[in-house]
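This report concerns only the one structure given below.
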Amino acid sequence: MPIKKNQIVVMNYELKVNNEVIESNLEEGNPIEFVFGLGQILPALEKTVSLMEVGETKVVKIPARDAYGEYDESFTETLPIEEFEDIDLEIGMVLEADDEEDEVVRATVIDVTKEDVTVDYNHPLAGCDLEFKIVIKSVS
């Protein structure tokens, strides 16, 4: 029976990028729970879930364009290091700030010099094809 909007889906999953496990709760950890049809998971993943039954396991590959988008070089910015006073900057560190609409914006530090800091506003998985293994535990 197809899963319907507003039903609560409980599932375990494993996420791989380039055959490397990035996240998993298949072996240990609590399953995730979400309300189907409200956009709480990737639309391409939700489409696959909609066709599954309780107890079913499925592997789905989602291309970058249908996941977090292609990597966009224009989403990087170089700023004067003075804008980061009192922050012990490290490459790979994720910074958070509020934009003009009070939405949280995340940026990853990708370069630090004596004068400048380069940040990347792309999602960390932008440009990555994703492979999910999902197991539907329950639907209510």
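The values are calculated or read from the model by the stated rules, or taken from the named source; none is laboratory data. All values derive from a computational prediction rather than experimental measurement. Ideal geometry is used to build each Cβ from the backbone, glycine not excepted, and the neighbour counts take in all protein chains shown.
The table below lists the values:
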read-out: Out of ILE3, ILE8, sole residue that is surrounded by 15 or more Cβ atoms within 10 Å (Cβ to Cβ), more than 11 Å from LYS133 (Cα to Cα), touching a Phe, Trp or Tyr at 6+ places or on another chain (Cβ under 8 Å) and in contact (Cβ under 8 Å) with a residue 12 or more places away in the chain; value: ILE3
read-out: Restricting segment 23-42 to residues that are without any contact (Cβ under 8 Å) to a residue 24 or more places away in the chain and within 17 Å of the chain's Cα centre (by Cα), the residue that is farthest from LYS133 (Cα to Cα); value: GLY39
read-out: Any hit, segment 60-74, residues being among the aliphatic types (A, V, I, L, M) and touching a Lys or Arg at 6+ places or on another chain (Cβ under 7 Å); value: no
read-out: Residue check, PHE84 in contact (Cβ under 8 Å) with a residue 24 or more places away in the chain, farther than 16 Å from PRO124 by Cα and touching a Ser or Thr at 6+ places or on another chain (Cβ under 8 Å); value: no
read-out: Single condition LEU26 does not satisfy, out of (1) over 21 Å from ASP120 (Cβ atoms); (2) of a type in the set (A, V, I, L, M); (3) out of contact with any Asp or Glu (no Cβ under 6 Å at 6 or more places or on another chain); (4) surrounded by 13 or more Cβ atoms within 10 Å (Cβ to Cβ); value: (3)
read-out: Number of positions in segment 84-132 that are closer than 18 Å to TYR68 by Cβ and among the basic types (Lys, Arg); value: 1
read-out: Segment 43-57: number of residues that are touching a residue at least 40 places away in the same chain (Cβ under 8 Å) and surrounded by 14 or more Cβ atoms within 10 Å (Cβ to Cβ); value: 6
read-out: Yes/no for ILE62 being surrounded by 11 or more Cβ atoms within 10 Å (Cβ to Cβ) and in the same structural domain as ASN19 (by TED's automatic domain parsing); value: yes
read-out: Answer from GLU77, GLU73, GLU103 - the residue that is surrounded by fewer than 10 Cβ atoms within 10 Å (Cβ to Cβ), over 30 Å from ASN12 (Cα atoms) and of a type in the set (Asp, Glu); value: GLU73
read-out: Test: residue in segment 79-87 that is aliphatic (A, V, I, L, M), farther than 18 Å from VAL135 by Cβ and out of contact with any Lys or Arg (no Cβ under 9 Å at 6 or more places or on another chain); value: yes
read-out: In segment 91-107, residue farthest from PHE75 (Cα to Cα) [restricted to those that are modelled with pLDDT of 90 or more and among the charged types (D, E, K, R)]; value: GLU96
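Rundown of residues vs (1) free of Cβ contacts under 8 Å to residues at least 24 places away in the same chain; (2) among the aromatic types (Phe, Trp, Tyr); (3) assigned to a strand (DSSP E or B), yes/no style:
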position	(1), (2), (3)
ILE91	yes, no, no
GLU101	yes, no, no
ARG106	yes, no, yes
THR118	no, no, yes
ASN122	no, no, no
LEU125	no, no, no
LYS133	no, no, yes
ILE136	no, no, yes
